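Bear in mind that the values in this text are calculations on the coordinates, not laboratory data. Quick caveat, the model's predicted, so the values are computed rather than measured. Quick reminder, even Gly has a Cβ in these numbers, built from the backbone with ideal geometry, and neighbours come from all protein chains shown.
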Amino acid sequence: DQQVKQNSPSLSVQEGRISILNCDYTNSMFDYFLWYKKYPAEGPTFLISISSIKDKNEDGRFTVFLNKSAKHLSLHIVPSQPGDSAVYFCAATVGGTSYGKLTFGQGTILTVHP
Amino acid sequence: GAVVSQHPSWVICKSGTSVKIECRSLDFQATTMFWYRQFPKQSLMLMATSNEGSKATYEQGVEKDKFLINHASLTLSTLTVTSAHPEDSSFYICSARRTGGGTEAFFGQGTRLTVV
């Protein structure tokens, strides 16, 4: 049972444009969501997170939106840069002592073309 | 920043032997660490939660006798793959959560295990 789903295996974007990566979840107990960037044979690098009490969180070029009623979150990268090309994972967790115990989506490969 | 170091980065071992992977939090204490496994082109799957001074908690379907976890100090957790077989070949990643709070878990760089 895939509790966190990223239905787009890949996304290709032109440099300077917006990249939108999507993520859906099924477990209504999740109350904290994170986005990670990952290169092959490396560990994930934290990008941005959002608590379920918010619907938007912004950090520089990265903005995460959360729609709790739809159980959907998205990561916006504006403007996209070639260095953003990587695999992006969304992850979710239940709060309290379970923080850090993450359920990951399948990942989306983002390619930003110069 | 919070740095988590994993060692080794890659290892090749013969079938039937055991391999130990270390996960260290370098600049913070971590009561809880997590071990994940990633097969090629798949997501990261949580294997177990490592708790300092107590037994690890394993996810369903993960053999605790095969994947031995020891969390002897606040900065070190080890994962030992016992009697490794080719199907254990995978990318193993640890993460550590800062003791005393914080919502983020910081990841190590991962270990590529190949069993031949």
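What to note about this one:
- Counting every pair of alpha carbons in chain A, the share spaced more than 16 Å apart comes to 56 percent.
- A simple rule links phi to the HN-Hα coupling: the Karplus curve 6.51 cos²θ - 1.76 cosθ + 1.60 with θ = phi - 60°, which for region A:80-92 gives 6, 10, x, x, 7, 4, 4, 9, 10, 10, 9, 9, 9 Hz, with x for Gly and Pro.
- Virtual paramagnetic centre 7 Å along Cα→Cβ of A:Lys54, amide N under 14 Å, in region A:72-89: A:74-76
- Cβ screening of chain B for cysteine pairs under 4.7 Å finds these without a partner: B:Cys13.
- Alpha-carbon centroids, region A:52-114 and region B:31-96: separation in whole Å: 25 Å
- A simple count of charges around B:Thr32, restricted to other residues whose Cβ falls under 11 Å of its Cβ and scoring Lys, Arg +1 and Asp, Glu -1, yields +2.
- Simple Cβ-charge dipole of the protein assembly as shown, Lys/Arg +1 and Asp/Glu -1, about Cα centre, in debye nearest 20: 60 debye
- Residues whose placed amide H lies under 5 Å from that of A:Cys23, excluding near-sequence neighbours: A:Leu73
- Assuming charge only on the beta carbon of Lys and Arg (+1) and of Asp and Glu (-1), the dipole of chain A about its Cα centre is about 100 debye to the nearest 20.
- Lysine-lysine proximity count for chain A, Cα under 20 Å, sequence distance 8 or more or distinct chains: 14
- Each pair of Cα atoms in chain B enters the Kirkwood radius, and Stokes-Einstein at 10 °C and 1.306 mPa s then converts it into a translational diffusion coefficient of 113 µm²/s.
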